[in-house]
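Trainee: This is the structure I have questions about; it appears just below.
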Amino acid sequence: MSHRIAVELDSDRTIRTRNKLYYRWLHWPLWIFVFFIAPGPLTFDLFERGFDGRMAIWLGLVLIGTGIPFSRGRLPGCEPAPYIIRFTEDRPNPVYRRVCYSFAWGEAVAFALLNIAGLVVAIATGSWMLKEIYRVAYFPLAGAIWVIGLAGYLPRVKPSTSGEGHERRYFYGTVWAVAVAQPVLWFLYLTMPKGPVPDTFKLVAFVGVLAVMGRMAYLGRLPRTRPIVPGELATLD
């Protein structure tokens, strides 16, 4: 298997002057999902006990809160025309992009780290305390990442879009890794017994999926994870 990083040339990409209507509409549910799962303890309850009145109220607020900017083209991917045309161009990064991607960063990192922490505690103590961990640690952890993002210190949320050609691969690589590893862990949690040995297997499987997906993203083997370079042919070792 080749270990070279696949790249895309910025000058070879087709320039779109408008976003197709279906493209814009398909991005809205993605941001509904991002903001709906933002309160991690509530999301934990959703998977533990199912949908209830609290979640219905929160979903309604999210639909309104994302629907208004969606109708105005102020959600990433929902703009009438692409904001970023050349991925190496230095342009101001709009506030709505920085807010949306900051929230997505916080959730992806917090869910992954807290699940790892919960598995480690379960292996060490023999007790599952994941719910308590989420209630105590989720908002401090996710909130810290949201603040860091809003301050412009994470990929895709910096004041300028000049690094977008590389920064987006870190974001999508993280999303791919967490989006695949989370269902795997949830399936193992539902189908395997609890105990030091089964919980160790769950931890190894979860971290292993994160590592494999991260490696594939690093090599540019996953959608939207190839570096976009400015026009010259380049292959990185």
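Trainee: I'm told TYR153 meets every condition in (1) of a type in the set (Phe, Trp, Tyr); (2) loosely packed, with under 13 Cβ neighbours inside 10 Å; (3) farther than 21 Å from ARG91 by Cβ except one. Can you identify the failing condition by its number?
Mentor: With (1) of a type in the set (Phe, Trp, Tyr); (2) loosely packed, with under 13 Cβ neighbours inside 10 Å; (3) farther than 21 Å from ARG91 by Cβ applied to TYR153, the lone miss is (3).
Trainee: Filter segment 14-61 down to the residues that are touching a residue at least 60 places away in the same chain (Cβ under 8 Å) and more than 13 Å from PHE111 (Cβ to Cβ), then identify the one that is surrounded by the most Cβ atoms within 10 Å (Cβ to Cβ).
Mentor: Per the criteria, the residue is TRP31.
Trainee: Listed residues ARG169, ARG215, ARG224; which is outside any loop (DSSP other than H, G, I, E, B) and closer than 28 Å to GLU89 by Cβ?
Mentor: Just one listed residue meets the conditions, ARG169.
Trainee: Cβ contacts < 6 Å: first residue more than 18 Å from ILE37 (Cβ to Cβ) and outside the structural domain of GLY214 (by TED's automatic domain parsing), restricted to segment 178-200; second residue among the β-branched types (Val, Ile, Thr) and in a helix (DSSP H, G or I), any location; separation 6+ or different chain. Result?
Mentor: Qualifying pairs under 6 Å: none.
Trainee: Right, PHE111: surrounded by 16 or more Cβ atoms within 10 Å (Cβ to Cβ) and either farther than 24 Å from PHE187 by Cα or touching an Asp or Glu at 6+ places or on another chain (Cβ under 7 Å) (or both) or not?
Mentor: no
Trainee: Let me ask you something else. Please determine whether any residue of segment 120-141 is surrounded by 16 or more Cβ atoms within 10 Å (Cβ to Cβ), part of a loop (DSSP other than H, G, I, E, B) and either without any contact (Cβ under 8 Å) to a residue 60 or more places away in the chain or not assigned by TED's automatic domain parsing to the domain that holds ALA179 (or both).
Mentor: no
Trainee: Ok, one more. Checking ILE148 against (1) buried (at least 19 other Cβ atoms within 10 Å of the Cβ); (2) in a helix (DSSP H, G or I): exactly one of these is not met. Which one?
Mentor: (1)
Trainee: Can SER102 be described as hydroxyl-bearing (Ser, Thr, Tyr), surrounded by 14 or more Cβ atoms within 10 Å (Cβ to Cβ) and part of a helix (DSSP H, G or I)?
Mentor: Answer is yes for this residue.
Trainee: Something else now. If GLU132 passes every condition in (1) at pLDDT below 95; (2) acidic (Asp, Glu); (3) out of contact with any Ser or Thr (no Cβ under 7 Å at 6 or more places or on another chain) but one, which one does it miss?
Mentor: So GLU132 meets the others, but not (1).
Trainee: So, one more: Of the residues ALA217, ALA151, which is under 28 Å from LEU30 (Cβ atoms) and in contact (Cβ under 8 Å) with a residue 12 or more places away in the chain?
Mentor: ALA217
The values are calculated or read from the model by the stated rules, or taken from the named source; none is laboratory data. Since the model is a prediction, treat every value here as computed from it, not as a measurement. A quick note on method: Cβ atoms are made from the backbone with ideal geometry, for glycine too, and the neighbour counts reach across all protein chains shown.
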